[in-house]
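Asker: What follows is a single structure, and I will ask about it in a moment.
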Amino acid sequence: MLTGAQIALESLIREGVDTIFGYPGGANLWLYRHLPDYPKLHHVLVRHEQGGAHAADGYARSKRGAVGVVFATSGPGALNLVTGLATAYMDSVPVVAITGQVPSTAIGTDSFQESDVIGSTMSVVKHSYLITRVEDIAPTIKEAFHIARTGRPGPVLIDFPKDLQAAVTAFNYPEGPVRRRSYPAPPRPDPAKLRQIAELIKGAKRPVILAGRGVLIARAEEELAELAHQAHIPVGWTLLGTGAFPVTDPMALQMVGFMGAGYTNKAVCDADVLIMIGMRCDDRVTTRLDSFAPRVEHLVHIDIDPAEIGKNVIPHVSVVADAKVALRELNLLVEPKREHQWLTQIDQWKEEHPVRFTNHSGLLQPQEVLEAMYARCEDEAIVLADVGQNQIWAALWFNYGKPGLFLNSGGTGTMGYAFPASMGVKLANPHKTVFCVTGEGGFVMNMQEMATMVENNIDVNVIILNNSSLGMVRQFQDDFYDGVRSAVDLTFTPDFVKLGDAFGMKAMSTDRLEDVGRLLDEAMAHKGPVLLNFNIDPNANVYPIVPLGKGMLDFVEAS
Amino acid sequence: MTQSRLLSVLVDNKPGVLQRVASMIRRRGFNIDSLSVGPTDDDTISRMTITVHVGRQQAEQATKQLAKLIDVITIDDITGLRNVAHELVLVRMHAPPGERTELLNLVDIFRGRIVDVAPSSVIIEVTGSAEKIDNFIELMRPYGIKELARSGVVALVRGDQARIRLMDFAIDGDEPQAELSRLQGVAADTTGTV
């Protein structure tokens, strides 16, 4: 006989969990009472529940097959998870959150630290459970992990009343597959549709593939490369699809859309056959919807989630399936093809519209920092980006040659994501170099996690691209809101070297290009977390960019 | 162009399902005209009948987003099919003795019933299509409606064939083995429905 808390911890071990990010409080103390009895479960005490949720997200995003786990107590603890859950939900990241809840007898009485966590998180989780019987704990956890990691992955929340953590029953972890009639496995790709797509590829004169995060989740990068090479199809990607196809490949375009490369947008707008794989095709991809792929004769959409088909753009041919399965079967049908005219045209666009930056000020440019980083690690480091200008710079100026090396909150665009998430990434990948690229604004949003990082000696190189302002918002105000700078000045920001010192975290700062390499070398050689503050040109902007309300071909380039 | 869509949804009979469905419909910006829910012959399954007011493309989105909810077993857009789609209305009518005959005639025409008689009022029950109920209410108005309660639509498609046999939803084994092989790059042999 075990208590509910023990059953939950035993169940986590059965699901292969080794790391938990969490924060204790009144309503989950039985879980913490028994946690030390399970040394296989490494608990990382974060300093804010949001940090815990992001760390669990980073852990799951960067480790094949892993599910991130976060604990929080009831009420405020659980509510602090909401942004982290939303981030994981939009980017399809498998996370299981276990929240303490007031005793089941007290639910609904507005007791201390009670809140309706199931209701508050309903629209940002794939599914959620309120435990009502101690016998349900093990089957619920098993089902929660199954739902989190299968199909289109996503976060699942389990609300766990305190009395049921203490209640006692026999522990039997359910054997065999999870059976739930309302959760069917993803369908196999329809062979007729695949044949149709193979025919379209055969007849295409100007084909383009766009790859989203679905390709990375399905680990379909090799199948994608095979298709591109077999039929000579150029490949672009979404922000979240960065890394699905090597930037250095001759068939590579670049990121598409709002802040994508000009030549990718040109190719998409000229394509006669456009194949979108594992992507949502949101407004950051399409820019103004009617400007997206206007010459396309056959739009093909492959996604595991039927609700993504036809949500934003209506395809002519659609396949609902796992990207790996669909591409593997498609590749068997696609005939080898050599393309010259179209690729020559694209090469010309690449020359006319390279992704580039200019330095008129003589001040340190963010791209120079990223280039120095890339020179030191090539394709071996994992880079997290926060949200804003730093995110786009990190996406465009680091040549990701392998999958899974670039992680960011592409869907919700959660400022403050990268720093706590990088803890999870490093713990999941202890032998990889991890860079957390952030701005001074986003860093400060979750900087309390410096304590967690130092305490656990998590070896992350934190790169603050510090422009003393909310850079992306400042750029928007300059260009699209009459040039009125409003509430974007962050000159009043802590001295990050002193701040690092206060937390016991090695910290360095410079505004000079000639120091960048030395500081990076020192940071990478240091066994432990390092904070590198780079004071960059405060007027550095993201280019190319499509002005708000404009179309894909209206992109503005660096001048 | 928006129109009313009639959705027949089978869901797991679990707490919170109604909120999940309602919350999803609100969050995606669809409008619910009516929603009724009740158990089926299988007490682990409830049927929700939902009327949403949406455009054509939205109708497909609403259906797919609903189908994605883990508690939703199956969803069937039965708009425009040969349906029996009925509502129920209870009306407390002002009806003092001596003024009841005319009212009772109208109730007969609508195949309604008197389900309660009080000294100066009666409760009338009528079932049928939304249009029929609308007409009935309009006819009752001049006689003095004291109180009214009206249900949402419940509907089934006519004919011998059940639209959904739950056998169709036999769960295919996402065996831990199969799942592991998916992660390793070998597809699980899965044959999904829906």
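None of the figures in this text is laboratory data; all of them are computed from the coordinates on show. Since we're looking at a predicted model, the values are computed, not measured. Because the Cβ atoms are built from the backbone with ideal geometry, glycine has one as well, and the counts that use them run over all protein chains shown.
Asker: At a threshold of 8 angstrom on Cα-Cα distance, excluding pairs fewer than six apart, so keeping six or more, what relative contact order does the range B:1-69 reach in percent? Working shown, then result.
Answerer: Details: 105 pairs, mean separation 31.6, N = 69.
Normalised by residue count, the contact order of the range B:1-69 is 46 percent.
Asker: Taking square-rooted eigenvalues a ≥ b ≥ c of the alpha carbon gyration tensor, is the range A:1-148 rounded, prolate or oblate, where a/c under 1.5 means rounded and, failing that, a/b exceeding b/c means prolate?
Answerer: Here the range A:1-148 falls in the rounded category.
Asker: Excluding residues fewer than 8 places away in the same chain, name every one of the aspartates and glutamates whose C-alpha is closer than 18 Å to that of residue A:402.
Answerer: List returned: A:221, A:222, A:223, A:226, A:249, A:371, A:378, A:379, A:380.
Asker: What FRET efficiency comes out for the pair residue A:431/residue B:42, r = Cβ-Cβ distance, R0 = 51 Å, nearest 0.05?
Answerer: For residue A:431 and residue B:42, the calculated efficiency is 0.45.
Asker: Taking one equal scatterer on every alpha-carbon of the range B:1-80, how large is log10 of I(q)/I(0) by Debye at q = 0.11, 0.15, 0.16, 0.26 1/Å?
Answerer: -0.24, -0.45, -0.51, -1.35
Asker: Looking at the square roots a ≥ b ≥ c of the eigenvalues of the Cα gyration tensor of the range A:1-71, which shape do they give, rounded for a/c under 1.5, prolate if a/b is larger than b/c, or oblate?
Answerer: oblate
Asker: Check residue A:42: other-chain or 5+ apart residues with amide H under 5 Å from its amide H, H built from backbone geometry?
Answerer: A:19, A:20
Asker: Based on C-alpha coordinates, I'd like the Rg and Dmax of the range A:349-465, in Å.
Answerer: Values for the range A:349-465 (Cα only, Rg and Dmax): 14.5, 50 Å.
Asker: Here is a further query. Could you please state, rounded to a whole Å, how far the C-alpha centre of the range A:39-92 is from the C-alpha centre of the range A:124-145?
Answerer: If we compute the Cα centre of each part, the gap is 17 Å.
Asker: Now a separate question. Using only Cα atoms, what Kirkwood radius does the range A:180-280 have, in angstroms?
Answerer: With all distinct Cα pairs of the range A:180-280 included, I get 14.2 Å.
Asker: 5 Å is the cut-off here: which amide hydrogens, built 1.01 Å from N in the peptide plane, fall below it relative to residue A:188, excluding neighbours closer than 5 in sequence?
Answerer: Hits under the 5 Å cutoff: B:192.
Asker: From the Cα gyration tensor of the range A:67-123, with a ≥ b ≥ c the square roots of its eigenvalues, which class applies: rounded if a/c is under 1.5, or else prolate if a/b is larger than b/c, or else oblate?
Answerer: Cα axes put the range A:67-123 in the prolate bin.
Asker: Can I ask one more? Given the Cα atoms of the range A:346-418, and with Rh set as the inverse mean 1/r over their pairs in the Kirkwood sense, what is Rg to Rh to two decimals?
Answerer: Radius of gyration over Kirkwood radius for the range A:346-418 works out to 1.00.
Asker: If the reach is capped at under 19 angstrom between alpha carbons, list the lysines near residue A:550, excluding any in the same chain fewer than eight residues apart.
Answerer: A:266
Asker: Would you kindly derive the ³J(HN,Hα) couplings of the range B:119-132 from the backbone phi angles with the Karplus curve 6.51 cos²θ - 1.76 cosθ + 1.60 (θ = phi - 60°), listing them in order in whole Hz, with x for Gly and Pro?
Answerer: x, 10, 8, 9, 9, 10, 10, 10, 10, x, 5, 4, 5, 4
Asker: Could the peptides A:237-243, A:424-430 be put in order, highest first, of the mean number of other beta-carbon atoms found within 10 Å of their residues?
Answerer: Order by mean packing, descending: A:237-243, A:424-430.
Asker: Calculate one ³J(HN,Hα) per residue across the range A:436-441 by plugging θ = phi - 60° into the Karplus curve 6.51 cos²θ - 1.76 cosθ + 1.60, and present them in order as whole Hz with x for glycine and proline.
Answerer: 3J(HN,Hα) across the range A:436-441, in whole Hz: 10, 8, 8, x, 5, x.
Asker: If you don't mind, another one. Binning every alpha carbon pair distance of the protein assembly as shown at 20 Å from zero, what are the percents per bin?
Answerer: With a bin width of 20 Å, the distribution comes to 16, 44, 31, 9, 1, 0.
Asker: Hey, what does the equivalent ellipsoid look like for the range A:265-350, semi-axes from the Cα gyration tensor as sqrt of 5 times each eigenvalue, largest first, whole Å?
Answerer: 22, 20, 10
Asker: Right, something else. Would you please put A:271-277, A:548-554 in order of how densely packed they are, using the mean number of other Cβ atoms within 10 angstrom per residue and starting with the highest? All intermediate terms of the calculation are to be shown ahead of the outcome.
Answerer: On the way: A:271-277: 25.9, A:548-554: 15.7.
Put in order of decreasing packing, that is A:271-277, A:548-554.
Asker: Using the C-alpha gyration tensor of the range B:1-157, what are the square roots of 5 times its eigenvalues, in whole angstrom, with the largest one first? Could you put the intermediate results ahead of the total?
Answerer: Details: eigenvalues 251, 55, 35 Å².
Ellipsoid half-lengths, sorted descending, are 35, 17, 13 Å.
Asker: Structure shown: which of A:205/A:311; A:126/A:193; A:142/A:324; A:426/B:68 lie over 31 Å apart, alpha-carbon to alpha-carbon?
Answerer: Pairs exceeding the cut-off: A:426/B:68.
Asker: If you average 1/r over all unlike Cα pairs in the range A:398-457 and invert the result, what Kirkwood radius do you get in angstrom?
Answerer: Values: mean 1/r = 0.0802 Å⁻¹.
With all distinct Cα pairs of the range A:398-457 included, I get 12.5 Å.
Asker: Farthest toward the dipole's positive end in chain A, which of A:105, A:397, A:367, given Cβ charges of +1 (Lys, Arg) and -1 (Asp, Glu) about the Cα centre?
Answerer: A:105
Asker: Out of residues 5 or more away from residue B:31 or on other chains, whose amide H comes under 5 Å of its own, with H placed 1.01 Å from N in the peptide plane?
Answerer: B:53
Asker: Relative to the present Cα-Cα distance, how much length would full extension add between residue A:105 and residue A:314 at 0.36 nm per residue of separation?
Answerer: In short, 70.3 nm is gained.
Asker: Note the direction-averaged projected area, equal to a quarter of the hull surface, for the Cα convex hull of the range A:411-559, in nm².
Answerer: For the range A:411-559, averaging the hull's shadow over all directions gives 10.4 nm².
Asker: Hey, what do the phi angles of the range A:164-174 turn into as Karplus ³J(HN,Hα) couplings, whole Hz, using 6.51/-1.76/1.60 and θ = phi - 60°, x for Gly and Pro?
Answerer: 7, 5, 9, 5, 10, 7, 6, 9, 10, 6, x
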